[in-house]
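Student: Just dropping this structure here.
The values are calculated or read from the model by the stated rules, or taken from the named source; none is laboratory data. Keep in mind that this is a model prediction, so the values were computed, not measured. Positions of Cβ are backbone-derived with ideal geometry, glycine not excepted, and every protein chain shown enters the neighbour counts.
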Amino acid sequence: MSTGKARTSLLHTGLMHLALIAYTALCLAPVVLVVINSMKSRAAIFSAPMALPGPKTFDLIGFTTVITQGNFAGYFSNSLIVTGTSIVAVLLFGAMAAFALSEYRFRGNTLMGLYLALGIMIPIRLGTIAILNIMVATRLVNTHLGLILVYTAQGLPLAIFILSEFMRQVSADLKNAARIDGLSEYAIFFKLVLPLTRPAIATVAVFTMIPIWNDLWFPLILAPGEATKTVTLGAQSFIGQYVTNWNAVLAALTLAILPVLILYLAFSQQLIRGLTAGAVK
Amino acid sequence: MSDVEMSDDEIAARPPRRWHIAVFLAPAVAVYTALMIIPLIDTLRLSLFTTIDNHSVFNGFANFVMLFTDGRWSNTFWNALGNNMVFFLIHMSIQNPVGIALAAMLSVPRLRGRTFYRTAIFMPTMLSFVIVGFVWKLILSPIWGVAPSILNAIGLKFLFGPWLGQESTALVTLSLISVWQFVGIPMMLIYAALLAIPEEVIEAAELDGITGVGQFFKIKLPLVLPTVGIVSILTFVGNFNAFDLIYTAQGALAGPNFSTDLLGTYLYRTFFGFQLQLGDQNMGATIATMMFLIILTGVMIYLFAVQTRMRRYQL
């Protein structure tokens, strides 16, 4: 009886691993296929797409084309500037607002919270037409600042929502002790509450970063100029232009994938902990 | 307690305005209001106007009447809306069940390699639509021939066709690509919800002889239904403002023959113009307003109907 049970559970586990391995392969294979073929000669890409690059087929012609013809270094720095500044703005402004909402009782507190939460469900894209009009009127089209402002507005609602949940958990005794010691409300926020909520801030940073780095819509509409193109838009237009040059397309895709992949592997535990907050301890 | 009373006295003594609250709120409220709320309201307003000789003229609901009834607009609009429904239904019927199944397997206690599976399956979610769109476009390309040779290896070569190039299959193919990318989100959220189920509940079920698959469907799934609700509304909002994947894989014209046109791509073409048609800000705003109303309706249904019913279910 018991051996029979053990055998079925072993069978179950085996089947489960089989299903999970198959699905994992489906997730990884497309990316692996692109990366290995980006390092092969054109002939090898077509004759043996599944093979790893060997001494005979190894060829970096695609990368040479991308680096000489494209402006990927510029695109990367644009993406870094836009994403980096937006994250700092979202975290700072978001944490400040979250502190105000969670710490003080004032008239309209709940209403303000609801107002700021609207943006979690209503996508900012729906206001694009008016946003473009504002950017044209203030001459912020084709600037980093224009994108940064839009992404800050986009990131704030969720950041405020998550951070105010966390700030409610900071001990009131600690803050009151600081008040008795004569610390100003600003000092309490910057020196006490902000350091204590660092894990939550890191999680919000990762959540905020991904949609900004990957966005195509706003760069396409607000900053399509060569000087302000982000990596996502740059890769999109480069590939569109070189669509028949398979080496260049595969190399451009690989260059766009690798930084995201490296960052993801570095931060995946942080991200997963954030997504499963409370459940995984 | 005496502390609180003391500070109450202090509040009464000093001027009632607590400026620091305004200072803390000001930057966030300013940016959010200027670039999110005002543009949204202004877009809704623009949908009620039309432009004649560079002047904005109030037009009532004429733009909406035109969008629904004038053949030049309505055919494309209903087509995009229908495609968007199909796009959403494919997500709901495939992404969520697959996500639940993966979460159920990952939440089995003492599973080896859990972290690896989790990290790998969530990876596509991190990539941009641009990368995902092009990667699948290359793989499904009949020129490269990777997809037919893989299908050949498992004896299914007869199934292969130029899926992204055929009117009959392009929309389904793109929906499945999007599902491939986003399965990680339902998987993660439901996985977290499954881990949060109290031990006692599971133990009580086991004492009653409810184990394995039966336990999952009778005990665990009902308990994680609120999370399934959240995933569904996130999917709905995401699907009804989708744009990037279609634009990357099929271009602004959402080919072949508009068979993959969604509201997002239709909005883009209307606003910016394409081929011989000039961009039209007011009709663009009208489509954006329709998207707003659709998303708002979805969110309302979720908040009122689903949430209240689920709360009752939980108790």
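Student: Would you please list the contacts, defined by Cβ atoms under 6 Å and residues six or more apart or on different chains, that run from a residue in segment B:48-60 that is within 16 Å of B:Gly284 (Cβ to Cβ) to a residue that is in a loop (DSSP other than H, G, I, E, B)?
Tutor: B:Phe49/B:Asn59; B:Thr50/B:Asn59
Student: Could you count how many residues in segment B:231-246 are buried (at least 20 other Cβ atoms within 10 Å of the Cβ), touching a Leu at 6+ places or on another chain (Cβ under 9 Å) and touching a residue at least 40 places away in the same chain (Cβ under 8 Å)?
Tutor: 8
Student: With B:Thr69, B:Thr115 as the choices, which residue is within 14 Å of chain A (Cβ to nearest Cβ), of a type in the set (Ser, Thr, Tyr) and without any contact (Cβ under 8 Å) to a residue 24 or more places away in the chain?
Tutor: B:Thr115
Student: Name every residue in segment A:58-107 that is within 11 Å of chain B (Cβ to nearest Cβ), touching a Lys or Arg at 6+ places or on another chain (Cβ under 8 Å) and among the small types (Gly, Ala, Ser), in order of residue number.
Tutor: A:Ser102
Student: Is it the case that B:Val224 is modelled with pLDDT of 90 or more, in contact with a Pro (Cβ under 9 Å, 6 or more places away or on another chain) and more than 10 Å from chain A (Cβ to nearest Cβ)?
Tutor: So B:Val224 does not fit the description; no.
Student: Something else: Specify the residue that is nearest to A:Glu103 (Cα to Cα); the eligible residues are those in segment A:164-199 that are of a type in the set (Gly, Ala, Ser) and part of a loop (DSSP other than H, G, I, E, B).
Tutor: Here the answer is A:Ser171.
Student: Does A:Thr244 satisfy being within 11 Å of chain B (Cβ to nearest Cβ), more than 30 Å from B:His20 (Cα to Cα) and at pLDDT 90 or above?
Tutor: Spelling it out, it is not the case that A:Thr244 is within 11 Å of chain B (Cβ to nearest Cβ), more than 30 Å from B:His20 (Cα to Cα) and at pLDDT 90 or above.
Student: Can you go through B:Gly209, B:Gly161, B:Gly214, B:Gly165 and tell me which one is at positive phi and surrounded by fewer than 21 Cβ atoms within 10 Å (Cβ to Cβ)?
Tutor: Going through B:Gly209, B:Gly161, B:Gly214, B:Gly165 in turn, the sole match is B:Gly209.
Student: Another question about this same structure. Condition test on A:Asp173, is it surrounded by 17 or more Cβ atoms within 10 Å (Cβ to Cβ), within 10 Å of chain B (Cβ to nearest Cβ), among the acidic types (Asp, Glu) and more than 19 Å from B:Leu25 (Cα to Cα)?
Tutor: no
Student: Sort through B:Ala101, B:Ala28, B:Ala80 and tell me the only one that's within 14 Å of chain A (Cβ to nearest Cβ), surrounded by 15 or more Cβ atoms within 10 Å (Cβ to Cβ) and either touching a Phe, Trp or Tyr at 6+ places or on another chain (Cβ under 6 Å) or at positive phi (or both).
Tutor: Matching residue, one of B:Ala101, B:Ala28, B:Ala80: B:Ala28.
Student: What about B:Phe58, is it in contact with a Phe, Trp or Tyr (Cβ under 7 Å, 6 or more places away or on another chain), surrounded by fewer than 14 Cβ atoms within 10 Å (Cβ to Cβ) and either in the same structural domain as B:Phe77 (by TED's automatic domain parsing) or modelled with pLDDT under 95 (or both)?
Tutor: yes
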